[in-house]
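**Student:** To start, I am sharing the structure in question, which I have written as structure tokens.
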Amino acid sequence: VTPRLKIDGDIGGMPLKVLTGIDYYHTAYNSNRSQTLKSAPYHAYDLKQDTAAVYANGTLSVRPDTDITLGARYQRDNISASDVYDSGAPGAYGSQGIPLDSSNGQWAAQLGIEHRFNDVFAVFGHVAHAFRVPNADERIGLASPVNFDLRTQTSNEIEGGVRLHLGRFKLQSSVYDMALHDEIFY
């Protein structure tokens, strides 16, 4: 469920565009791993994840040639995961996954600016803090025993650049720096 609200208006004569909304996702992942379709499963994974978030992103044209963008998101995740392991099942390997019941919240925010000198040349920049929550496949992964408790990836980034627009020719170039934390490795 992802209802959105789009607002076009102005503040003190300056054009304003805002996109805001709520996201709710429910994931139910059940996977029986067995040597053949008819043999008993050696791993029976059960993962449920509920995600609820609220966000807003707006662009204010402070001048006809200058836009400022500001956005934020807060997200709450509830995860329950388990593994029933049968070492006697055909093809069994590894060991039982470590169960998980957790809740956590994350936030993201960004601030950007673009200035257009004319119809041909513009400069832009932004700073941001972002996150990415591991999905069910990543939580189950390839490791044994399975550790469902993966940390949320976060990043801090900064970018600055230029845009050129000459008829049908468009060019953008930028310098971008990101510090990524808790990257998932297999």
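The values are calculated or read from the model by the stated rules, or taken from the named source; none is laboratory data. Since this is a predicted model, take the numbers as computed values, not measurements. Methodologically, a virtual Cβ is constructed for each residue, glycine included, from the backbone with ideal geometry; neighbour enumeration extends over all protein chains shown. For the accessible areas, the whole protein counts, side chains as well, though only heavy atoms, and no ligand, DNA or RNA atoms are used. Shrake-Rupley method; radii C 1.70, N 1.55, O 1.52, S 1.80 Å.
**Student:** Could you please put 14, 178 in sequence from largest to smallest accessible area, using a 1.4 Å probe?
**Tutor:** Values: 14 60, 178 85 Å².
I get 178, 14, largest accessible area first.
**Student:** Still on this model: About the Cα centre of the range 85-145, how large is the charge dipole given +1 on each Lys and Arg Cβ and -1 on each Asp and Glu Cβ? Please answer in debye to the nearest 20.
**Tutor:** Numbers: 3 positive and 6 negative charges, 28 e Å.
With Lys and Arg at +1 and Asp and Glu at -1, about 140 debye.
**Student:** Charges at C-beta only: +1 for Lys and Arg, -1 for Asp and Glu. How large is the resulting dipole of the chain about its Cα centre, in Debye rounded to 20?
**Tutor:** Values: 16 positive and 21 negative charges, 96 e Å.
Using only the charged Cβ atoms, the result is roughly 460 debye.
**Student:** Compare the Cα positions of 162, 174, 141 along the charge dipole of the range 135-178 (+1 at Cβ of Lys, Arg; -1 at Cβ of Asp, Glu; about the Cα centre) and return the one farthest towards the positive end.
**Tutor:** So the residue furthest toward the plus end is 162.
**Student:** Of all the accessible heavy-atom surface of the chain, with the other protein chains kept in place and a 1.4 Å probe, what percent is carbon and sulfur? Intermediate results must be reported in sequence, preceding the final value.
**Tutor:** Numbers: 6770 of 11630 Å².
Answer for the chain: carbon and sulfur cover 58 percent of the accessible area.
**Student:** Once you charge only the Cβ atoms, +1 for Lys and Arg and -1 for Asp and Glu, what is the size of the charge dipole of the range 1-94 about its Cα centre, to the nearest 20 debye?
**Tutor:** On the way: 9 positive and 10 negative charges, 26 e Å.
With only Lys, Arg, Asp and Glu charged at Cβ, the dipole is about 120 debye.
**Student:** Quick one: which residues, 5 or more positions from residue 148 or on another chain, have an amide H under 5 Å from its amide H? H modelled 1.01 Å from N in the peptide plane, none for Pro or chain starts.
**Tutor:** Close amide H contacts, sequence-distant or interchain: 98.
**Student:** Rounded to the nearest 10 Å², what accessible area does residue 95 show when all protein chains are kept and the probe is 1.4 Å?
**Tutor:** Here the residue's solvent-accessible area equals roughly 50 Å².
**Student:** Something else now. Leaving out ligands and nucleic acids, note down the accessible area per residue over the chain with a 1.4 angstrom probe, in whole Å². Spell out each step's value before the answer.
**Tutor:** Values: 11630 Å² over 186 residues.
Roughly 63 Å² per residue, with all protein chains present.
**Student:** Sticking with this structure for a sec: Determine the order of 177, 46, 119 by accessible area, beginning with the largest, at a probe radius of 1.4 Å. Let's see the in-between values first.
**Tutor:** Working: 177 95, 46 55, 119 140 Å².
The ranking, largest first, comes out as 119, 177, 46.
**Student:** Can you work out the Karplus-derived ³J(HN,Hα) for every residue in the range 130-137? Use 6.51 cos²θ - 1.76 cosθ + 1.60 with θ = phi - 60°, whole Hz, and x for glycine or proline.
**Tutor:** Along the range 130-137, the couplings run 9, 8, 8, 8, x, 8, 4, 4 Hz.
**Student:** Residue by residue, what Karplus-based ³J(HN,Hα) values in Hz, rounded to whole numbers, does the range 37-45 have, using 6.51, -1.76 and 1.60 with θ = phi - 60° and x for Gly and Pro?
**Tutor:** These are the phi-based 3J(HN,Hα) values: 5, 9, 7, 5, x, 8, 10, 10, 8 Hz.
**Student:** With θ taken as phi - 60° and the coefficients 6.51, -1.76 and 1.60, list the Karplus ³J(HN,Hα) couplings across the range 11-22 in order, rounded to whole Hz; mark glycine and proline as x.
**Tutor:** 10, x, x, 9, x, 10, 10, 10, 10, 9, x, 10
**Student:** Sorted by accessible area (1.4 Å probe), largest first, how do 6, 17, 48 line up?
**Tutor:** Per-residue accessible area, sorted high to low, gives 6, 17, 48.
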